[in-house]
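See structure below.
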Amino acid sequence: MSQLRSKHLLGIKDLNAEDIGLIFETADNFKDVINRPIKKVPSLRDITIANVFFENSTRTRLSFELAEKRLSADVINFSSSSSSVKKGETLLDTVNNILAMKVDMIVMRHASPGAPHFLSKHIDANIVNAGDGTHEHPTQALLDTYSIRESHGDVSGKKVVIVGDILHSRVALSNIFALQKLGAEVMVCGPPTLIPKFISGLGIKVSHHVKEALAWCDIANILRIQLERQQIKYFPSLREYSLYYGVDKALLDSLGKEITIMHPGPINRGVEISSDVADSEHSIILNQVENGVAIRMAILYLLAAKKA
Ligand code: CP
């Protein structure tokens, strides 16, 4: 297989292991490219891509923009905070106006789950979901599993725990789907109030004890508490969360084994993860960021081949 099955990347749920394998093989080639003195290829020279961000982002937006520029695409950036969305324009009108300027692909982050799926029913351009509310963040899960493959040789058979605010996390859901499709065993760990009830129906393990969860796993992906999505209190205080679920060096040392530490960012140092863990030799957090560019180049390149 040398093509993805869909012209959009809306979620990991829609991919199969073959699609993910193709994305990884393509990313391997682009990782070689971005480590050369000349980091640019002409693959998307005639393609125009709009990065349409209705929510804040550092890593995802910059990583997509760099991936697009490395592929020689023309790039425009849209941020809702400085746009006519503030004057009442709808999502579909905004995107149709961007497309009228002869844009071929939309990379979109939106606070509403399903926003890119809605768009895909109304426009012809390729759509890449760069995070839709608490639903999915497919490129993050692809770069995370690619980073596991890079550090451990394979994803299949690995035990991965996702620790933290699972309830509000699009990273968690996309990672669960990707890890399962690639044959990993998955556990989530956090306070009962931050683990949605439906999650055990996905065939994964659930723990409320971080030491027990870390003792089980080969790899821990640690998530931040998404206070911006929490309208009510799910735990008494950040200090208490940190005491019971924060990952620090003393906790890791007490396990008597080494585990790989991941985090999608942004990190809240001293809350869900201590600095000595985030910056330790077992942390692959910055490798994840580096791999994000190659993974996003691969996705854009493969979707451009499916252009209508
Ligand atoms: N990991 C991630 O999505 O980070 P940003 O919100 O900075 O894009």
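Every number here is computed from the coordinates shown, using simple stated rules; none is lab data. These numbers were taken from a predicted model, which means no experiment stands behind them. With ideal geometry, Cβ positions are generated from the backbone for all residues, glycine too; neighbour counts draw on all protein chains shown.
Separation of the alpha carbons by more than 31 angstrom is noted, of Lys205/Lys307; Lys233/Lys257; Lys39/Lys205; Lys31/Lys121; Lys31/Lys159; Lys181/Lys257, for Lys205/Lys307; Lys233/Lys257; Lys39/Lys205; Lys31/Lys121.
Modelled this way, with points 7 Å down the Cα-to-C-beta line, the labels at Ala111 and Ser79 are 1.6 nm from one another.
For segment 165-228, the Kirkwood radius over C-alpha pairs fed into Stokes-Einstein at 20 °C and 1.002 mPa s yields D = 177 µm² per second. Classified by the C-alpha gyration tensor, the chain has a prolate form. Its axis ratio a/c, with a ≥ b ≥ c, is 1.5 or above, and a/b is larger than b/c. Per-residue Karplus couplings for segment 97-105, computed as 6.51 cos²θ - 1.76 cosθ + 1.60 with θ equal to phi - 60°, are listed in order as 5, 5, 5, 4, 8, 6, 8, 9, 9 Hz, Gly and Pro entered as x. The phi torsions of segment 214-224, fed into the Karplus equation with coefficients 6.51, -1.76 and 1.60 and a -60° offset, translate into couplings of 5, 5, 7, 8, 9, 9, 10, 9, 9, 10, 7 Hz, rounded to whole numbers, with Gly and Pro shown as x.
Computed per residue of the chain from DSSP H runs no shorter than four, each worth -39500 (n - 2.57), the mean residue ellipticity at 222 nm is -11500 deg cm²/dmol. Under 20 Å from a label point set 7 Å out along the Cα-to-Cβ vector of His209, the amide N atoms of segment 247-271 belong to 247-259.
Near Lys40, once Lys and Arg are set to +1 and Asp and Glu to -1 for all other residues with Cβ below 12 Å from its Cβ, the sum equals +4. Fully extending the segment from Glu258 to Arg36 would add 76.7 nm, taking 0.36 nm per residue of separation and subtracting the current Cα-Cα distance. Candidates Ser207, Pro264, Gly183 compared by Cα position along the dipole of segment 120-274: farthest toward the positive end lies Ser207, with charges placed on Cβ. The string of couplings for segment 188-203 from the Karplus curve (6.51, -1.76, 1.60, θ = phi - 60°) is 10, 9, x, x, x, 6, 10, 10, x, 4, 5, 5, 5, x, 8, x Hz, one whole number per residue in order, with x for Gly and Pro. Distance from the C-alpha centroid of segment 96-142 to that of segment 274-308: 19 Å, rounded to the whole angstrom. The residues neighbouring Ala111, those whose beta-carbon lies less than 11 Å from its own, together hold a net charge of 0 under the Lys/Arg +1, Asp/Glu -1 convention.
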